[in-house]
2 protein chains.
Amino acid sequence: METLSENTCFGGVQGVYRHASDACRCDMTFGLFLPEEAKDGPVPVLWYLSGLTCTHENAMTKAGAQAWAAEQGIALVFPDTSPRGDGVADDESYDLGKGAGFYVNATQTPWAPHFQMWDYVAEELPRIITANFDIDEDRQAITGHSMGGHGALTLAMSLPGRFRSVSAFAPIANPTQSDWGRKQLGAYLAEGADWAAHDSSLLMQESGFDGPVLVDQGSKDQFLELLRPEALAQAMVARRQPGTFRMQKDYDHSYFFVASFMEDHVNFHAEALYAD
Amino acid sequence: METLSENTCFGGVQGVYRHASDACRCDMTFGLFLPEEAKDGPVPVLWYLSGLTCTHENAMTKAGAQAWAAEQGIALVFPDTSPRGDGVADDESYDLGKGAGFYVNATQTPWAPHFQMWDYVAEELPRIITANFDIDEDRQAITGHSMGGHGALTLAMSLPGRFRSVSAFAPIANPTQSDWGRKQLGAYLAEGADWAAHDSSLLMQESGFDGPVLVDQGSKDQFLELLRPEALAQAMVARRQPGTFRMQKDYDHSYFFVASFMEDHVNFHAEALYAD
C-alpha cells in the first residue's frame, strides 16, 4: 500500500492511499481520516460512499465530515466509486462505467473483469483498513450520498451485524423502478438476476435494518424523480423500521446539502457507535 | 365563561374553563395553559387535540407539555374531543359518539345536532380564547395524538395560513382506509360526502402543508394497522413536504410515548412560532 498524501486535519490525519485491488484487478485509491484518538488505540469508523462521477476525493474535500468525526473520535473511510485505469471498461455517459460502479459485482461483458465494487467495499477494503490502521472493526457505521446512499443502505441491510447504524443523503432509493438503476443493473447484472438485492426500498420491505436509520432528502433536489425517496419512506414506515426520514426544505442534490446535515449524521452514528 | 380551576404551573397558570358552545349546542370544557409571559402581552399558542376516549384533561395531566411550553413562553389549549351532556347522542362503543368526535361536522342522525367538532375547534374555540386571554392569533401551531393527530393534520392542511407548523403523535393517518375512520366517517357524514377532506394522507397527496411537519410514531404501537402511518409517510415524501417522520423504536400508543417526545414537539413548534 502506497501513501499518496497525509495532512494534519482537525488534530488527526487525512490520508490518501493506493493499493493493488484483488477484487477490482486494478489499483484503487481511498481516503481515510483518523482522529487524534487513533494514536491511543482502535477507533470506530464511519464509511462514506460517494455518488455518480465522484472519486475518493469529493466527499473528503467537500462534505465537511472531518470536523464532526474529530469531535466524536471517529475515523472516516472514503472509497472510490469504481475501478480505474486504462484497461478498465468505460462508457461515454456519466452514469455508467467509471465513476458509476453502483456498488454491485458485475457479471456481464465488458464490466465483469473489474467492476466488483460490492466485494471491494464489503470485503477487501475493510480487510485493508483494519490490517493497516487502528480501526475497531466491531464499531462500524455507514453513510453515503445519492448512488452512495444506495450503496450504504443496501450494504447495511445485506450484511446484518456489520454496521451499527446507517444513514443516507438523497439516496437512489428505488433503482429497479428508475432510470438511475435499471440502466446500470441492466448493464452490470444479467437479466433475471436478483436486482431486488440492490434496491433499498425492496430490501427495507423484505428485511429492514437491525439498528437506527436516518435519511435526509432535499425538497428541491433536481433528481427527485430518479431518486424515488417516497418508495423508501413508505417501506421504512410499513416495516416499522426504527428511523427518521427528513424532507429538508429547499435543499438540492449538491454537497452544500450534504455538508449542511453532516453534523447530524456523524452525531447520529456516534450515538450508535458508542452505545454499550 | 366559567372558571372551573386555575393552578399555578411552571410559573404560569393551568386553567380549566367551561362555556356554552354555539357549535355543539351544549356546555364545553377546555384546558388552557398560559405561560408567565402572558402577563406582559400576547403569547403564541399551541393547540393539542386529544385521542379517542379523552376529555380536555388527559393531555393536560399526562403529556408533560407545560414544562416545555413554559420554557418557550407558549400557551397550550386542550379542547375536549366531543360534545358532552345528557342530551347528547352516544354509542356503546368507545370509538363513536362521546369522546370520539373525530373533528368533523356531523350531518347524519343522531349525531348532527351536537357533533360539530370541526366548527368548534376551527372557529368557536379560537374566538373564545383570543377574546378572553392574551393569545397572539397570528402565532398558532397545532399538534395532537391518535384521533387528535388526525384532527391536527386535517385542520392544518384545510386552513392554510392559520397554523405555522403542525405535528402529530401516532396520528390516525388514513381513516378512509381504516376501521378507525370508516366507521366514524360513515356514521357522522353522508355516504358520498367528502371523506377525503378528513384523511390526512389524502390531503397531503392533494395539497400538503405550507410549513414544517413533524410526525412521531412508535414502532410497537398496538394500533399500527388502524393508524396506517405508512400512507402518510409515503404521501409526505411524494409531495416533497418539508418535514420529518420518525419511527420511534419500541414505543407504544400511550401517553408515555407522547410525553417522551413532547419536548421535541414543543421546540419544533417554538421555532416556527418565533420565526421572523
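Some values worked out for this structure:
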{"read-out": "Residues within the stretch B:90-106 that are outside any loop (DSSP other than H, G, I, E, B) and more than 18 Å from the chain's Cα centre (by Cα), tallied", "value": "0"}
{"read-out": "Test result for B:Asp276, on the phi > 0 side of the Ramachandran plot and not in a strand (DSSP E or B)", "value": "yes"}
{"read-out": "Count of the stretch A:248-268 residues which are open to solvent by less than 10 Å² (accessible area, probe 1.4 Å) and out of contact with any Leu (no Cβ under 8 Å at 6 or more places or on another chain)", "value": "3"}
{"read-out": "All positions within the stretch B:1-53 that are open to solvent by 10 Å² or more (accessible area, probe 1.4 Å), in a loop (DSSP other than H, G, I, E, B) and either among the hydrophobic types (A, V, I, L, M, F, W, C) or modelled with pLDDT under 95 (or both)", "value": "B:Met1, B:Phe10, B:Gly11, B:Ala23, B:Leu52"}
{"read-out": "Filter pass, A:Thr61 being without any contact (Cβ under 8 Å) to a residue 12 or more places away in the chain and under 24 Å from A:Met147 (Cβ atoms)", "value": "yes"}
{"read-out": "Residue in the stretch B:207-220 that is away from every other protein chain (no Cβ under 14 Å) and surrounded by fewer than 19 Cβ atoms within 10 Å (Cβ to Cβ) present", "value": "yes"}
{"read-out": "Whichever residue in the stretch A:227-242 is more than 7 Å from chain B (Cβ to nearest Cβ) and in a loop (DSSP other than H, G, I, E, B) and, among such residues, is farthest from A:Ile172 (Cα to Cα)", "value": "A:Arg239"}
{"read-out": "Conditions (1) free of Cβ contacts under 8 Å to residues at least 40 places away in the same chain; (2) of a type outside the set (A, V, I, L, M); (3) open to solvent by 30 Å² or more (accessible area, probe 1.4 Å): number failed by B:Gly97", "value": "(3)"}
{"read-out": "Those residues of the stretch A:137-156 which are among the hydroxyl-bearing types (Ser, Thr, Tyr) and within 8 Å of the chain's Cα centre (by Cα), in sequence order", "value": "A:Thr143"}
{"read-out": "So A:Ala259, is it at pLDDT below 95 and assigned to a helix (DSSP H, G or I)", "value": "yes"}
{"read-out": "Check on B:Asp119, farther than 16 Å from B:Met28 by Cα and either of a type in the set (Asp, Glu) or part of a helix (DSSP H, G or I) (or both)", "value": "no"}
{"read-out": "Filter result for B:Phe209 (part of a loop (DSSP other than H, G, I, E, B) and within 24 Å of A:Asp252 (Cβ to Cβ))", "value": "yes"}
{"read-out": "Qualifying position, being within 10 Å of another protein chain (Cβ to nearest Cβ) and among the hydrophobic types (A, V, I, L, M, F, W, C), among B:Phe245, B:Phe256", "value": "B:Phe245"}
{"read-out": "Hey, B:Thr81 more than 13 Å from the chain's Cα centre (by Cα) and either open to solvent by 30 Å² or more (accessible area, probe 1.4 Å) or among the hydroxyl-bearing types (Ser, Thr, Tyr) (or both) or not", "value": "no"}
{"read-out": "Selected residue (only one of B:Leu159, B:Leu76 is over 10 Å from the mean Cα position of the chain (by Cα), surrounded by fewer than 22 Cβ atoms within 10 Å (Cβ to Cβ), at pLDDT 95 or above and under 27 Å from B:Asp216 (Cβ atoms))", "value": "B:Leu159"}
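Yes or no, residue by residue, for (1) touching a Pro at 6+ places or on another chain (Cβ under 8 Å); (2) surrounded by fewer than 21 Cβ atoms within 10 Å (Cβ to Cβ); (3) farther than 20 Å from A:Thr244 by Cα:
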site	(1), (2), (3)
B:Ile172	no, no, no
B:Gln177	no, yes, yes
B:Gly181	yes, no, yes
B:Ala190	no, yes, yes
B:His198	yes, no, yes
B:Leu203	no, no, yes
B:Pro229	yes, no, no
B:Arg239	no, yes, no
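The values are calculated or read from the model by the stated rules, or taken from the named source; none is laboratory data. Quantities reported herein were computed from a predicted structural model and do not represent experimental measurements. When we count neighbours, we look across all protein chains shown, and the Cβ atoms used for this are built from the backbone with ideal geometry, even at glycine. Side chains included, ligands, DNA and RNA excluded: accessible areas come from the protein's heavy atoms. Shrake-Rupley method; radii C 1.70, N 1.55, O 1.52, S 1.80 Å.
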